[in-house]
Amino acid sequence: MSARTTARIGAIVMAVLLVGYIGLVGWRAVLFIGSGEPVGIAIGVALVVLPVIAVWALWRELAFGVRSERLVDRLDEEDGLPEFPAQPSGRPDRAEATAAFDAYRAETEAAPESWRAWLRLGIAYDAAGDRRRARAAVRRAITLERASAPR
């Protein structure tokens, strides 16, 4: 099973679990609000607000995943994906990724409006183990690609 398939299955399982959680919490919220007690009503309202935030966060993450996967597929079709030597586990070798990182950063500095450069930088960050910067670079790539798409 590929890493992409595993990630999709994981996302689906998490979404199903969240829907179940929202159902249970929603039912509890109705019971608390129906109690008529001020503290119960306050807890019930809080139990309504928290799942709404959870749904928003899940939607945002799923949208990020779909958009980034679409860009990766596009870059792969163009034979533009960076490749890093892999460890026996299949994960990229962090030392090799870190050594190659400067070239991807220089490419992004030379073409700051290129979604392809930003996506490659994000992949390099991810391979080097810096997930926070990887996500930020991929978000930038998504924004640039959406802005350049014909309307």
* Asked: What order, most packed first, do the peptides 83-90, 20-27 have when packing is the mean number of other Cβ atoms within 10 Å of each residue?
  -> 20-27, 83-90
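Could you give the size of the charge dipole of the range 47-94 about its Cα centre, using +1 on the Cβ of each K and R and -1 on the Cβ of each D and E, expressed in debye and rounded to the nearest 20? Don't skip to the end; give the middle numbers.
Working: 6 positive and 9 negative charges, 81 e Å.
Using only the charged Cβ atoms, the result is roughly 380 debye.
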* For the range 1-64 and the range 128-151, what is the separation of their Cα centres, given in Å? -> 27 Å
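Taking the Cα centre of the range 3-77 as origin, work out the dipole magnitude from +1 charges on Lys and Arg Cβ and -1 charges on Asp and Glu Cβ, in debye rounded to 20.
Details: 7 positive and 6 negative charges, 8 e Å.
With only Lys, Arg, Asp and Glu charged at Cβ, the dipole is about 40 debye.
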* How would you rank 5-13, 71-79, highest first, on the average number of other Cβ atoms within 10 Å across their residues? -> 71-79, 5-13
* Crossing angle, helix 94-110 versus the chain [Cα axis fit, 0-90 degrees, rounded to tens] -> 80 degrees
* **MRE, 222 nm, helices only [DSSP H, n ≥ 4, -39500 (n - 2.57), over the chain, to nearest 500]** => -28500 deg cm²/dmol
* Structure fact -> The size of the Cβ-based charge dipole (Lys, Arg +1; Asp, Glu -1) of the chain about the Cα centre, to the nearest 20 debye, is 500 debye
* Asked: Put a dot 7 Å past each Cα toward the Cβ at VAL13 and ASP76; how far apart are the dots in nm?
  -> 2.1 nm
* Across the Cα atoms of the chain, what radius of gyration and what greatest pairwise Cα-Cα distance (Dmax) are found, in Å? -> 20.8, 64
* Asked: From the square roots a ≥ b ≥ c of the eigenvalues of the alpha-carbon gyration tensor of the range 94-148, which class results: rounded (a/c under 1.5), prolate (a/b over b/c), or oblate?
  -> oblate
* Extreme residue, positive dipole direction of the range 94-148, given options ALA128, ILE142, THR98 (C-beta unit charges) -> ILE142
* Asked: From the residues ALA57, GLY44, GLN87, which one has its Cα farthest along the dipole of the range 39-151 in the positive direction, the dipole being from +1 and -1 charges on Cβ of Lys/Arg and Asp/Glu about the Cα centre?
  -> GLY44
* Specify the angular offset, from 0 to 90 degrees and rounded to the nearest 10, of the alpha carbon long axis of helix 38-77 from the longest principal axis of the alpha carbons in the chain. => 20 degrees
* Asked: Distance in nm between label sites at ALA111 and GLU61, each 7 Å beyond Cα in the beta-carbon direction?
  -> 3.3 nm
* To do: Kindly express, to the nearest 10 degrees and within the range 0 to 90, the angle between helix 131-148's C-alpha long axis and the longest C-alpha principal axis of the chain.
  => 80 degrees
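Throughout, read-outs are computed from the coordinates displayed, never taken from laboratory work. Every value quoted in this text rests on a predicted model; they were computed, and no experiment measured them. Neighbour counts run over all protein chains shown; Cβ positions are idealised from the backbone, glycine included.
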